[in-house]
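Notes to accompany the following structure.
Read-outs: derived from the displayed coordinates by stated rules, not from any lab. The shown structure was predicted, so the numbers you read here are calculated from the model rather than taken from an experiment. Heads up, the Cβs are rebuilt from the backbone with ideal geometry, glycines too, and the neighbour counts pull from every protein chain shown.
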Amino acid sequence: MDQGFQDVFTKIKGITTEPGCYMMKDHGGEIFYVGKAKNLRARLKSYFLGGDTRIFVQYLEHILADIEVLVVRNDIEALLLERELIHKYQPRFNISLRDDKNYILLKLKRPAPHGRKKDVYPRLQIVRKAKKDGARYFGPYPSASRLRTTVDLIHKYFMLRTCTDNVIENRARPCIQYQIGRCPAPCVYNIPDYAVEVENTALFLSGSFNEIEKRLTAKMWALSEQEQFEAAAKVRDQLEAIKTSLTSQVVSEVNRQRDQDIIGIHRIGPNVEIVQIEIRRGSWHRSHNYALADQPFPTEEILRSFMHQAYGRKMAGEIPHDILLPLPIVGELAGLHEELVGRAGRNVHIVCPQKGKQKRLLEIAHKNAKVALEEREKQHNASDQSLLALKDVLGLTMKPKRIECIDISLIQGSEPFGSLVVFIDGQPDKSRYRKYKIKTVPGMDDFAMIHEVVSRRIKQGIADGDLPDVLLIDGGKGQLSAALKAIDEANVLVGPQNLFVAGIAKARALKEAKELAQASVEHSSERLFLPSSKEPLLLSPHTYERYLIERIRDEAHRFAITAHRQSRTKRVIKSELLSIEGIGKKRALLLLKHFGSVKAIREASPEAIAQVIKVPLKMARHVVQSLGGI
């Protein structure tokens with residue numbers, strides 16, 4: 001099993017068993033598949049057990065680099081969130097959802113006090129798309145059977161009309177629905193309580209059980225006091241039916257012009273996790289995780305500081321209409337609130353909701369913060385063990401805090417790059433990653449390139465005072481010697497008490513299999529070349545130190561290849577695509593993202609190109625011809 005794939009499998013073992021959605025990412029960080037699960041850990045483990053015949057699953061070992069999860073409260077919310085994520089990211093291995101026709105909404109107009117019957121007595125309608133018409137919309141409903149159950153319950157206990165607008169305006173006597181007690185016949189009779197039942201229906205569909213329970217209980221006792229026992233019994237049955245059938249639903253009340261940020265926070269001792277979920281136009285947009293370690297301050301103080309840092313510099317277009325907080329510190333943010341209102345040019349609500357839909361959104365944010373922190377704690381414990389094991393193996397005097405790895409990316413003999421990845425306390429710190437374009441080395445001299453990159457890194461480290469505890473060089477004796485020469489020229493001491501330097505040599509194949517289907521290839525142990533030893537240090541398999549070294553090396557490879565690919569893409573766009581009249585940077589990127597290479601664009605049909613970049617067919621033919629295609 002590929003080491004990167006093995007790392008993902010190891011990560012899955014610590015993922016929550018809660019319901020939610022997962023996003024599979026490739027080595028370039030792009031999401032290629034989105035899925036949902038009642039049990040995230042069990043579902044993700046199933047990909048490693050075989051038996052899944054879908055085409056992309058067969059290639060996971062080669063393309064899967066990371067998995068991100070989002071936790072929700074139940075499987076229905078997972079299903080709906082999956083839809084939003086697919087719509088947002090358009091993963092290449094998901095069935096593309098072009099519009100909202102896969103899900104159904106319920107529409108309920110607000111009753112008018114006077115006017116035509118269809119307006120005074122609105123009906124519940126099943127629609128595919130929400131409009132800005134003042135009506136309330138509920139859903140979406142991913143299950144037709146669930147929708148039928150909901151509608152039947154409403155017609156049975158709330159007795160809204162089922163006839164069309166045309167029928168209610170022209171009917172002279174009640175229909176069969178009135179005769180069987182399922183409709184009060186507003187087509188013929190005046191129904192003064194109809195507006196109340198419309199409001200009760202809206203409360204039911206929005207999941208506001210507490211409010212509707214109060215209303216129906218009060219109505220039941222009022223009817224009992226009036227000795228209308230049969231009517232009171234009907235209300236009692238209505239209340240019991242609602243109790244057993246009402247489940248949490250995602251409500252779309254056509255507030256799609258309002259943006260919301262939901263803040264979740266969870267802590268374990270001094271370690272804190274904050275999750276910021278962004279809802280834009282009624283749909284999940286993205287989420288941010290903020291990990292704060294060694295924070296012995298009150299939670300309210302941490303949240304207050306976060307708010308000032310997260311929103312203090314936001315541009316007007318980035319400021320949401322509502323910010324939902326998990327703690328009642330709204331009064332302490334008066335200055336920030338005033339600043340946001342002035343910057344946005346409209347009101348901004350900073351609230352700490354105690355009930356209703358907004359409270360349920362906070363519960364989801366808190367759940368994600370809790371899961372993220374618990375998984376981080378598990379990773380920290382494993383990282384700590386790995387660092388202690390590496391300390392013992394290398395003979396260091398202290399547990400290494402900062403480990404760096406340098407790799408040279410040399411693909412097809414062009415555009416060499418040096419990459420530097422940084423691990424702090426056993427975890428990658430991507431904000432400190434650096435890439436170095438080779439400046440002084442002509443040709444393809446790998447040793448000279450290592451010398452240049454290490455020289456530049458050490459000189460900058462001396463100037464900034466942030467040299468690593470351990471510096472790893474991807475390569476064997478030659479690469480290590482080049483690095484040691486650069487460090488010596490900078491007058492930096494090397495050794496267990498100073499800067500420790502080692503070369504990582506990947507395991508060698510000892511016995512090649514004659515055919516792919518035969519016995520697997522045998523490999524040597526992973527090897528570390530040390531300055532003080534002629535023979536490499538062999539890292540035993542399945543140990544903490546080997547796992548950490550392989551993670552760092554593989555991350556350096558990934559980062560180097562990504563930097564090389566980005567540079568190559570820019571060159572291709574500039575040299576080939578941008579030279580075509582009518583093709584700008586945006587269209588060039590769209591073409592490359594869709595087809596993958598200039599060769600594929602050259603071989604594509606003009607119709608396919610026209611569809612991707614939204615140009616006339618004549619222009620698409622010109623693109624193909626300019627690239628030397630048919």
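For the range 104-207, taking Cα atoms only, Rg and Dmax work out to 13.4, 38 Å respectively. Charged side chains reduced to their Cβ positions (Lys and Arg at +1, Asp and Glu at -1) give the chain a dipole of some 2440 debye around its Cα centre.
Going by alpha carbons, how many degrees (0 to 90, nearest 10) lie between the helix axis of 356-394 and the longest principal axis of the chain? It works out to around 20 degrees. DSSP finds beta bridges in the chain, and of those with both partners inside it, around 80 percent are antiparallel. Here's the picture: charge each Lys and Arg Cβ at +1 and each Asp and Glu Cβ at -1 in the chain, and of 34, 362, 325 the one pushed furthest to the positive end of that dipole is 34.
Toward the positive end of the charge dipole of the range 270-309, with +1 on the Cβ of Lys and Arg and -1 on the Cβ of Asp and Glu, the farthest Cα among 302, 285, 271 is that of 285. When +1 charges are put on Lys and Arg Cβ atoms and -1 charges on Asp and Glu Cβ atoms, the dipole computed for the range 270-420 relative to its Cα centre reaches about 580 debye. Each of 396, 481, 177 was scored by the projection of its Cα onto the charge dipole of the chain, and the greatest displacement toward the positive side belongs to 177; charges sit on the C-beta of Lys, Arg, Asp and Glu.
Pair-distance distribution P(r) for the range 3-89, from all Cα-Cα distances in 5 Å bins starting at 0: 3, 15, 25, 26, 21, 9, 1 percent.
For residue 183, the residues whose modelled amide H falls within less than 5 Å of its own, excluding neighbours fewer than 5 places apart on the same chain, are 178. Considering all different alpha carbon pairs of the range 277-321, the Kirkwood hydrodynamic radius works out to 12.5 Å.
Neighbour counts of other Cβ atoms within 10 Å put 217, 162, 397, 150 in the fewest-to-most order 397, 217, 162, 150. Note on the chain: Cα-only Rg and Dmax are 31.4, 103 Å. With 10 Å bins beginning at zero, the pair-distance distribution over Cα atoms of the range 362-464 amounts to 13, 30, 28, 20, 8, 1 %. Dividing the helix sum by the residues of the chain, where each DSSP H run of 4 or more adds -39500 (n - 2.57), gives a mean residue ellipticity at 222 nm of -13500 deg cm²/dmol. Tell me the angle of helix 544-572 to the major Cα principal axis of the chain, expressed in degrees between 0 and 90 and rounded to the nearest ten. The angle comes out near 80 degrees.
Using the Cβ-Cβ distance between residue 626 and residue 392 with R0 set to 56 Å, the FRET efficiency works out to roughly 0.35. For the range 1-84, trypsin sites (Lys or Arg not before Pro) meeting the loop criterion (DSSP other than H, G, I, E, B) and having at most 11 other Cβ atoms within 10 Å: 13, 54.
Translational diffusion of the range 272-357 was estimated from the Stokes-Einstein equation, with Rh taken as the Kirkwood radius over Cα pairs; at 4 °C and 1.567 mPa s the coefficient is 93 µm²/s. Annotation: amide H of residue 18 within the under-5 Å range of 40, 41, sequence separation 5 or more or interchain, hydrogens built in the peptide plane.
The Kirkwood radius of the range 578-626, taken over pairs of alpha-carbon atoms, gives through the Stokes-Einstein law at 25 °C and 0.890 mPa s a diffusion coefficient of 237 µm² s⁻¹.
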